[in-house]
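Please read the structure below before turning to the comments.
Any read-out appearing in this document is the output of simple, stated calculations on the displayed coordinates, not a laboratory observation. As the structure is a prediction and not an experimental result, all values here were calculated from the model. Please note: Cβ atoms are built from the backbone with ideal geometry, for glycine as well, and neighbour counts cover all protein chains shown.
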Amino acid sequence: MKRSLTLLAVAIAALVGGGYWYVQGKQPQRDGEVLLAKLKAPVSVRYDQRGVPHLQAQNELDLYRALGYVQAQDRLFQMEISRRLAKGELAEVLGPKLVETDTLFRSLRIGEQAELYVARQDKQSPAWLALQAYLEGVNAWQDSHAKPMEFDVLGIQPRPFTAQDTLSIAGFMAYSFAAAFRTEPLLTYIRDQHGADYLKIFDLDWHPQGVVQSPPRLAEADWKTLGQLARVSEQALSDAGLSQFEGSNAWAVSGSRTRSGKPLLAGDPHIRFSVPAVWYEAELSAPGFNLYGYHQALNPFASLGHNRDFGWSLTMFQNDDVDLIAEQVNPDNPEQVKINGQWQTLERSQQQIKVKGEDPVTITLRRSSHGPIVNTALGKEAGSTPIAMWWAFLETYNPILEGFYEVNRADTLDKMRSAATKIQAPGLNLVWANARGDIGWWAAAQLPIRPAGVNPAFILDGSTAQADKLGFYPFSANPQQENPASGYIVSANFQPVSPTGMAIPGYYNLADRGQQLNRQLADASVKWDLQNSQALQLGTATDYGPRTLGPLLSVLREVVSDPQERELVEQLAAWRGDYPVDSVSATLFSQFLYEFARAAMHDELGDAWFETLLSTRILDAALPRLAADEHSPWWDVQGSNEHGTRASTVKRAWTKTLAHLRETLGSDSAGWQWGKAHTLTHGHPLGMQKPLNLLFNVGPFAAPGSHEVPNNLSAKIGPAPWAMTYGPSTRRLIDFADAGTALSINPVGQSGVLFDRHYRDQAQDYIEGKYQRALMGLAGETEGTLRLVP
């Protein structure tokens, strides 16, 4: 027995020791000296207490080479999985369930566009040389170190990272902005199946016959196809556990309105939560250049950043830069479609998708002169009508690489305006300030000129002039402001205004969030500083809830007779639209909002289309209008002789609301606190599979805030409990009186390496609304210093 116990102890010790050795071999190195090929001179990398590297190089190319090296050791798996998603290569490592997603992304032709972009680059431009140096650093780390744990789990074999990978990820970012895949099929379905009266709640310009007299005619199989396409589009990113860009807040306040007398900049881009978080923070310094930046995977140029002289943040423009086009097929030749009165043969090509554990899948990609045929993603289930996609990302020159290289160095209004013209897709709002006292905002995109009267909210008829593009508007027509008389700028994804007054089609968010920010910033008695800016950024209230409930309160008082239930109605009547973690009214309203939408709209749409509606922004705008319209056709009950009313719909929704909350959260309404029902878990791609979620995911946390409040911690409208999907991807505040001590926070941690101390070390602070200092120069607060030498 003693011998057996001794052998067991030795085996356990060997297992523990082996596990410790394995884990330690995967950890980042933040101290010591490392040889790095192609360096011209040593680079110092000092790490602060959050694991953020502060790089000091003697020339620009060494700086980017070192950035690639240190970012790879923290985020190599994020780089790998992001390029695979963008290029349609996930099934090779995640299995057959990702074939549909891969097919969709290959149908978008992102990889092909990236190759075209690389081919036309000036290979001696500073931006191109910087990208190549950065990729050399990434590949140098990968070639000289053990694979990340995720590579071992999934069987990923390392391969070099390329410029095509970087530019493909830019395409994935552009795609993640596009709401058209979900919204245009839905609105077209409602228009063609139910009629104009059902569109009134969406507040769209209605053209009964479109531009021409014959809107595209779609068969039942085509509607099924479009519904599936919307579902695939929505699930593509969430199933891979990767970030999706959703919205954002940003504002700039001039020195006349701040306590310090210098401009103040705030920003919090709203992106799907993930592990690791989307942004990699790093301070870069070389002769003539210094920037504290926030970098995406495989991108050497910061998407957000600041130094002591200037800074900027981003929000999503949300202009409609995707048109879905129903092609008319030649009845005598299914490979031809009618364009400009002529039958044109579709371009065809074949690709193979590698599938883990299975034979490769061969797909056929088709393209018309309007763009790629995207219902290819559904294979044999696709309807007979080809749906083409016109996408600005594929149709513009879009020198986005040079654009962001210049943004990283734009310390004047003229330089920032010039850089903004080079960002053409995806559409972005650049909100900027400098220490000299200037503030500015530019909506960066190339806006297409569509034929007069065309409403791109609907699927267009490819056999007519509806789908034509007449060129692009000049940048001067884009929404923009420079040093406005108001002394501040707010950008929060609401409908912008062009200097020309022209309409800019888009899928914009509700104005409530922007109005809430604007009301507070417009108060001339307030002098803004970092302290009160935090409170503004962390606000959890808007008018949306009370605005939606307003016309329904009298109905609820009429249809609710139980005394205890009437007390809940009066609680809602007194509620101010705030979402702290202890609020019962927030929970009650959110459940009621879902049940109200379902009771009114599910019978017209059915399961699939109703689920698509829940994933769109147009639902947010529709529900207050629906609530206020006592005579809306949505009250009628489809498939029965019952003539529905608003009162009967509200009563049904209220009854289901209470039944669900009692079943889910308990019979005592005092226990229906928001924080119990509204939680945040940061999901890792491997955490999609149990029990790996217990190891790789971070959370859950009880979360304040909600959808479309300033602290936009959002879950999709649906039944309780609500698992948050997206929110502020970082919160930044910079006062240019002392930009060296700006405030920042990462939703989880700087590192993507499991068991690293910086894997999740900021998660609790984030959910509690705390900030950390984004130190520049790193005076004396180092965790370690890594020296990279030639």
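Taking 19 Å as the straight-line reach from the Cα of residue 38, the aspartates and glutamates in range (excluding those fewer than 8 positions away in the same chain) are 60, 62, 136, 143. The local environment of residue 676, defined by Cβ-Cβ distances under 15 Å, has a net charge of -2 under the rule Lys, Arg +1 and Asp, Glu -1. Residue ranges 449-455, 723-729 sort as 723-729, 449-455 when ordered by packing (mean number of other C-beta atoms within 10 Å per residue, highest first). The value obtained for the chain, namely the Cα convex hull volume divided by the number of residues, is 187 Å³ per residue. For residue 725, the residues whose amide H sits under 5 Å from its own are 714, 715, 716, ignoring neighbours fewer than 5 places away on the same chain, with H placed 1.01 Å from N.
Annotation: for a label point projected 7 angstrom from Cα along Cα→Cβ of residue 561, residues of the stretch 659-675 with backbone N closer than 19 Å are 659.
Got a sec? Charge dipole of the stretch 572-658, +1 on Cβ for Lys and Arg, -1 for Asp and Glu; which of 622, 601, 585 is way out at the positive end? Value: 585.
Enter the Cα centre distance for the pair the stretch 489-559 and the stretch 711-778, rounded to the nearest angstrom. Each part reduced to its Cα centre gives a spacing of 22 Å. Placing +1 on each Lys and Arg Cβ and -1 on each Asp and Glu Cβ, with no other charges, gives the stretch 553-670 a dipole about its Cα centre of roughly 140 debye. Positive contributions from Lys and Arg (+1) and negative ones from Asp and Glu (-1), summed over other residues with Cβ under 12 Å from the Cβ of residue 636, come out at -3. Legend: Rg and Dmax of the stretch 544-726, from Cα coordinates, 17.0, 54 Å.
By per-residue mean of other Cβ atoms within 10 Å, what is the highest-first order of 308-320, 750-762, 650-662?
Per-residue mean Cβ counts within 10 Å order the peptides as 308-320, 750-762, 650-662.
Taking the helices alone, the chain has a mean residue ellipticity at 222 nm of -11500 deg cm²/dmol, built from -39,500 (n - 2.57) per DSSP H run of at least 4 residues and averaged over all its residues. Other residues whose C-beta falls under 14 angstrom from the C-beta of residue 572 contribute a net charge of -1, scoring Lys and Arg +1 and Asp and Glu -1. Here the peptides 558-571, 267-280, 517-530 are ranked by packing, the mean other Cβ count within 10 Å, and the order with the highest first is 267-280, 517-530, 558-571. Inter-part distance, the stretch 94-110 to the stretch 135-150, computed on C-alpha centroids, equals 26 Å. Assuming charge only on the beta carbon of Lys and Arg (+1) and of Asp and Glu (-1), the dipole of the chain about its Cα centre is about 1480 debye to the nearest 20.
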